[in-house]
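Structure first, then comments.
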Amino acid sequence: MAKKDDDTIGTLFGGIIILALLFSWLGIPSNTRQANGFEIASLTLANGVLAGWADDIAVQLFHSDNVSAQQAATAAFRDAILLGERQHLWVTVIFNLIGAFLSLGGVIAIWLARSASSAKQAFSMGFWAEIAESFSFHLGYKTTIGHWAVSQEEVGITLMVAVIMGLLAIRINKSYGKRPAASAA
């Protein structure tokens with residue numbers, strides 16, 4: 001019985017950490033202190049999942065009282081992103097990649113790839129969804145930071161993620177294509 005209790009506690013603890021990671025970035029504008037590494041990781045993951053627009057969405061939803069509140073929230077997110085790039089580079093890179101693989105557009109493209117007519121079409125869906133999200137991410141980055149941040153490294157990473165998402169789409173397509181039809185009884 002002790003093993004089952006340990007599993008439950010571990011699952012509960014892991015769930016709490018994941019929830020904190022998913023939502024702690026929302027408090028960045030209300031902090032009077034500099035964002036910490038956990039908040040930066042959370043913001044990076046959210047921006048990855050929402051293709052660079054998490055901070056902009058949060059500003060519109062939670063800080064739209066007046067122009068100065070919007071500007072202050074945008075400035076807080078901008079400072080957190082730039083701080084992450086300067087002081088927490090590996091955290092930013094890792095959580096950006098995780099966010100890219102969990103991005104809404106990529107997940108939807110992979111889901112739609114189940115019904116693609118060929119492996120080439122499935123690959124195309126995963127690949128081009130990730131390329132489109134990269135453009136969206138950089139546009140969202142520009143709206144928050146104020147300048148473009150496209151480098152050779154970022155182009156290489158985008159292509160690598162796009163190829164992986166394309167291959168994953170092929171795998172999903174093949175696994176759904178091999179399922180036997182349900183027999184009528």
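The values are calculated or read from the model by the stated rules, or taken from the named source; none is laboratory data. Nothing here was measured: the structure is a model prediction, and the numbers come from that model. Heads up, the Cβs are rebuilt from the backbone with ideal geometry, glycines too, and the neighbour counts pull from every protein chain shown. We work out accessible area using only protein heavy atoms, side chains counted, and drop any ligands, DNA or RNA first. Shrake-Rupley method; radii C 1.70, N 1.55, O 1.52, S 1.80 Å.
Compared with the dominant Cα axis of the chain, that is its longest principal axis, helix 67-87 is turned about 70°. Using a probe radius of 1.4 angstrom, the carbon and sulfur fraction of the accessible surface of the chain is 67%. Calculated from the structure at hand, Rg/Rh (Cα atoms, Kirkwood Rh) is found among (i) 1.35; (ii) 0.94; (iii) 1.07 as (iii).
Assuming a viscosity of 1.306 mPa s and a temperature of 10 °C, what translational diffusion coefficient in µm² per second does Stokes-Einstein assign to region 52-159, Rh being the Kirkwood radius over Cα pairs? D = 103 µm²/s. Toward the positive end of the charge dipole of the chain, with +1 on the Cβ of Lys and Arg and -1 on the Cβ of Asp and Glu, the farthest Cα among Asn173, Gly10, Val91 is that of Asn173. When +1 charges are put on Lys and Arg Cβ atoms and -1 charges on Asp and Glu Cβ atoms, the dipole computed for the chain relative to its Cα centre reaches about 800 debye. Could you tell me the center-to-center distance, by alpha carbons, between region 78-117 and region 3-49 in angstrom? Their Cα centres are 16 Å away from one another. Compared with the dominant Cα axis of the chain, that is its longest principal axis, helix 119-145 is turned about 0°. When the helices of the chain are scored as -39500 (n - 2.57) per DSSP H run of n ≥ 4 and the total is divided over every residue, the value at 222 nm lands at -25500 deg cm²/dmol.
Accessible area per residue for region 49-177, computed on protein heavy atoms with a 1.4 Å probe, is 56 Å².
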